[in-house]
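Asker: Next up is a structure, given as structure tokens.
The values are calculated or read from the model by the stated rules, or taken from the named source; none is laboratory data. Computed from a prediction, not measured in an experiment: that's the story for all the values here. Calculation scope for accessible area: heavy atoms of the full protein, side chains included, ligands and nucleic acids excluded. Shrake-Rupley method; radii C 1.70, N 1.55, O 1.52, S 1.80 Å.
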Amino acid sequence: MMPKSVHERTENLFSEVGEFGPYQLSVFVLVGIVAVIPGIVGYSYSFYGATPNFRCQIPGYENDTYEIHNDYHQSLVDKNIPLSADKSFKGIYDRCNVKSFQNKTNFTLGQCSQWVYSKQYFQSTLITEWNLVCQNLAKKNIFSTLYFVGTYGVILSGILSDKFGRKKATYGFIIANAVLNILLCVLISIDMDAEVQQSLFAALRLLTGIASNVYALAAVLAMEIVGTAKRVTAVNTIYYLFIGGEFIVLILAYFLRNFRIFYTCCTLFMCTFVFYFWYKEKNLTIKRKKKFI
């Protein structure tokens, strides 16, 4: 008689202990919640990296704001800011060019280096802080791209989980998420050379993209603890928990319009998972011991 394969032995084990018992359910829920993390990390950039409506600042007018204060302010805007050539844009003024007068009637158009931003939806964002618009727009796109490049590190998560085990690899990615996002919070909250700051931010965006692959580990862990008939449901549930992370971001973004405060709260929420894993291990171990005493 030929020895049974690992798959057959596993299926026999599930047939004896059940495919989705109370203990499996408790582990599944606790592990599945980890999928919330990448939902928060990935989706939060849509808010703290959002671009509000903007236009060039009126040259020599220090108190200029995007919102019009009075008729005199309106006349200065009409005089110095050309109308937008893009009729599809809801703003009527050019976003990247300003008039440079040679005399009272003749002027040339040139790129501006200072902008004013609407505060209708956001008090401040990373874009308004670093002026990542017009000629600087490419930097915003690079920051976004680097995160998604990092998600290809899912290959790395598979290698590490096979070598060190699912649990240890997941712990490592959880800690990496906490540390990297704390560093991001500190970075965007301090004053330093803009080029250095943005370069460090780009590097951290890439690394957070890699760390976000904890989602893949959570999906595999959750799938492996249930029987074959329940695995499709398990994976779909992990996906819904990922969406739950996006809803958390929506709620925080609605109440917190300052990007630093917003991202700090997102990071604090993610850091709780470091303690959560300790809680999971201790309490589930105690439950297992009580069951067999």
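Asker: Report in % the part of the accessible area of the stretch 134-218 that belongs to carbon and sulfur, leaving out ligands and nucleic acids; probe 1.4 Å.
Answerer: 72
Asker: Given N residues in the stretch 118-157, what is Rg(Cα) / (2.2 N^0.38 Å)?
Answerer: So the stretch 118-157 has a normalised radius of gyration of 1.57.
Asker: What accessible area per residue comes out for the stretch 109-257, rounded to a whole number of Å², with a 1.4 Å probe?
Answerer: 52
Asker: Calculate, in nm to one decimal, what ILE190 and ILE261 gain on full extension: separation in residues at 0.36 nm each, minus their alpha carbon distance. Please list the in-between numbers first.
Answerer: Numbers: separation 71, 0.36 × 71 = 25.56 nm, distance 1.33 nm.
Gain in length upon complete extension: 24.2 nm.
Asker: Computed over the Cα atoms of the stretch 199-261, what is the ratio Rg over Rh, Rh following Kirkwood?
Answerer: Here the Rg-to-Rh quotient is 1.13.
Asker: Here's a follow-up. What translational D, rounded to a whole number of µm²/s, comes out for the stretch 45-155 from Stokes-Einstein when the hydrodynamic radius is the Kirkwood one over Cα pairs, at 10 °C and 1.306 mPa s? Write out the running numbers ahead of the final one.
Answerer: Numbers: Rh = 15.6 Å.
Calculated translational D: 102 µm²/s.
Asker: Over the Cα atoms of the stretch 128-180, how large are the radius of gyration and the largest Cα-Cα distance (Dmax), in Å?
Answerer: 16.1, 47
Asker: 5 Å is the cut-off here: which amide hydrogens, built 1.01 Å from N in the peptide plane, fall below it relative to ARG55, excluding neighbours closer than 5 in sequence?
Answerer: VAL116
Asker: Considering all alpha-carbon pairs of the stretch 78-216, what whole percent are spaced by more than 24 angstrom? Write down the numbers at each step before the final one.
Answerer: Working: 4860 of 9591 pairs.
Considering the stretch 78-216, 51 percent of its Cα-Cα pairs are separated by more than 24 Å.
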